[in-house]
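One structure is given here, and the rest of the page talks about it.
The values are calculated or read from the model by the stated rules, or taken from the named source; none is laboratory data. It should be emphasised that the depicted structure is a prediction, and the values quoted were computed from it without experimental measurement. We place every Cβ from the backbone using ideal geometry, glycine too, and count neighbours over all the protein chains shown. In case anyone asks, the SASA skips ligands and DNA or RNA and just uses the protein heavy atoms, side chains included. Shrake-Rupley method; radii C 1.70, N 1.55, O 1.52, S 1.80 Å.
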Amino acid sequence: MLSALAIANYRSLRQLTVPLGRLTVVTGPNGSGKSSVYRAMRLLAEIANGGAIRSLVREGGLSSTLWAGPERFSAAMLRGDAPVQGTTRSEPVALKLGFAGTEADEFGYAIDIGLPPPIPATAFSRDPEIKHETIWHGPLLRPAAQLVDRRGAALRLREGKGWQAIGRPIPAFASMMTEYADPHAAPEMLALREQMRSWRFYDHFRSDADAPARQPQLGTRTPVLANDGADLAAALQTIREIGDGEALDRAVDDAFPGARIQVRVNEDRFETLMHQHGLLRPLTAAELSDGTLRYLLWIAALLTPRPPALLVLNEPETSLHPDLLPALGRLVAQAARESQVIVVSHAARLIAALEDSGELQSVVLEKRFGETRIANLDMSEIPRWEWPVR
Ligand SMILES: Nc1ncnc2c1ncn2[C@@H]1O[C@H](COP(=O)(O)OP(=O)(O)OP(=O)(O)O)[C@@H](O)[C@H]1O
Ligand SMILES: [Mg+2]
């Protein structure tokens, strides 16, 4: 299980360590940094998939994603007696992301991404560069716990008390995890990469008239709902056949009392039907309301017969009526029995329902002087974090 997520210099997250529990909710007012936390987690997963630099560039490049404030605030700046504008940076700019595990045998990982030195010989001179990557054992980075260490192009692996250098250089635009995957020399790197690749993210399902979830679909066994919900009918039928079909029926009835889901199979096409009180015929997915369709998508996502180690949900309350939020909270809490779950939300009723479920790590963000901070926890409740030095 992850114990902490750490972010530095990413948008409004100048320096933030987020404690993670079995079930964590990240909340806060508009502009406090919730979406940035979600996007930072996605970036970490993309590193393991080889797509992080590309998505950073898609976000507008490092110049727009890097923390736009000063390296640190002086007391005079905080009092308002000295201007923030006009101060210059003295350290190299670095976007840093990392996480650690609760147990001594779990891995921690950190990456440091910066700007390339000005070399005119390439058309890619604005691509961010990976300066440093590290893997260690246990909740806190200590030199003795370090297993893998990459500085620039040079990679070295722990060997007994010393280090073994790997001859092949790692290109600046690639993570060591996608570039060097020798299962014998570095099994921890491969294990960590597979762990990060298995993290599952769900974000704003489409529910417009042309939404993929509304169309009849090719049906094959689907233990993991696609991000666009296109395989909703197949995912629901898979839960019914190899997952917890009773939980599926309970979740539907919890949100829409008396309603029932059926998957109609027409040759190789699958279609979601919903039987409701007072109607002579069931409604097809094309006929369901936005909120109802979204709720069914959450059911399919959360009752997956193949739960991931980590499930990250971005604003699952979107377009749901507040009356549905307690039921959604129960569904999320149930998923947290199988997976570690992080929910980014600003729906008070959803958060209240999650609180009722027992163990909840609540993280309330606020913005002060343009910087995201944790408003509801004091220093002792935030895990210690050490970044590797460049
Ligand atoms: N490079 C940057 N440096 C500093 N702050 C930034 C940078 N880029 C964006 N921001 C600010 O970061 C803040 C956090 O944005 P974010 O989208 O994470 O907020 P949010 O909590 O999701 O808000 P909402 O509830 O409105 O969706 C915004 O106020 C934005 O102006
Ligand atoms: Mg947001």
* Structure fact -> Counting only residues in the range 92-112 that are touching a Lys or Arg at 6+ places or on another chain (Cβ under 9 Å) and at pLDDT below 95, the one farthest from residue 386 (Cα to Cα) is identified as 92
* State which residue pairs qualify: first residue closer than 21 Å to residue 97 by Cα and inside the range 60-85, second residue in a loop (DSSP other than H, G, I, E, B) and open to solvent by less than 40 Å² (accessible area, probe 1.4 Å) in any location, beta carbons under 6 Å apart, and separation of 6 or more residues or different chains. => 62/128; 66/93; 69/370
* To do: Check the range 73-86 and report whether any residue there is hydrophobic (A, V, I, L, M, F, W, C) and open to solvent by 70 Å² or more (accessible area, probe 1.4 Å).
  => yes
* Could you tell me which residue of the range 342-359 is nearest to ligand 1 (Cβ to nearest atom), considering only residues that are open to solvent by less than 40 Å² (accessible area, probe 1.4 Å) and touching a strand residue (DSSP E or B) at 6+ places or on another chain (Cβ under 8 Å)? => 344
* When residues of the range 24-65 are filtered for being more than 16 Å from ligand 2 (Cβ to nearest atom) and either outside any helix (DSSP H, G or I) or hydroxyl-bearing (Ser, Thr, Tyr) (or both), how many remain? -> 8
* To do: Might you let me know whether the range 4-23 holds any residue that is over 20 Å from residue 346 (Cα atoms), within 7 Å of ligand 1 (Cβ to nearest atom) and in a strand (DSSP E or B)?
  => no
* To do: Provide a single number: the residues in the range 31-59 that are within 15 Å of ligand 1 (Cβ to nearest atom), in contact (Cβ under 8 Å) with a residue 60 or more places away in the chain and not hydrophobic (A, V, I, L, M, F, W, C).
  => 8
* Flag if residue 308 is touching a strand residue (DSSP E or B) at 6+ places or on another chain (Cβ under 7 Å), open to solvent by less than 20 Å² (accessible area, probe 1.4 Å), at pLDDT 95 or above and not acidic (Asp, Glu) -> yes
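Quick one: which residue in 43, 13 is at negative phi, more than 15 Å from the chain's Cα centre (by Cα) and not small (Gly, Ala, Ser)?
Numbers: 43 fails: more than 15 Å from the chain's Cα centre (by Cα).
Answer to the check: 13.
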* To do: Could you look through the range 279-333, keep only residues that are part of a helix (DSSP H, G or I) and out of contact with any helix residue (DSSP H, G or I) (no Cβ under 7 Å at 6 or more places or on another chain), and pick out the one that is nearest to ligand 1 (Cβ to nearest atom)?
  => 294
* To do: Six or more apart or on different chains, Cβ under 8 Å: which pairs go from a residue in the range 295-319 that's over 11 Å from residue 332 (Cα atoms) to one that's within 16 Å of ligand 2 (Cβ to nearest atom) and open to solvent by 20 Å² or more (accessible area, probe 1.4 Å)? Could you list them?
  => 314/35; 314/203; 314/204; 315/203; 315/204; 315/346; 317/346; 318/204
* **Subset of the range 202-232 that is over 25 Å from the mean Cα position of the chain (by Cα) and open to solvent by less than 30 Å² (accessible area, probe 1.4 Å) - its residue that is farthest from residue 314 (Cα to Cα)** => 219
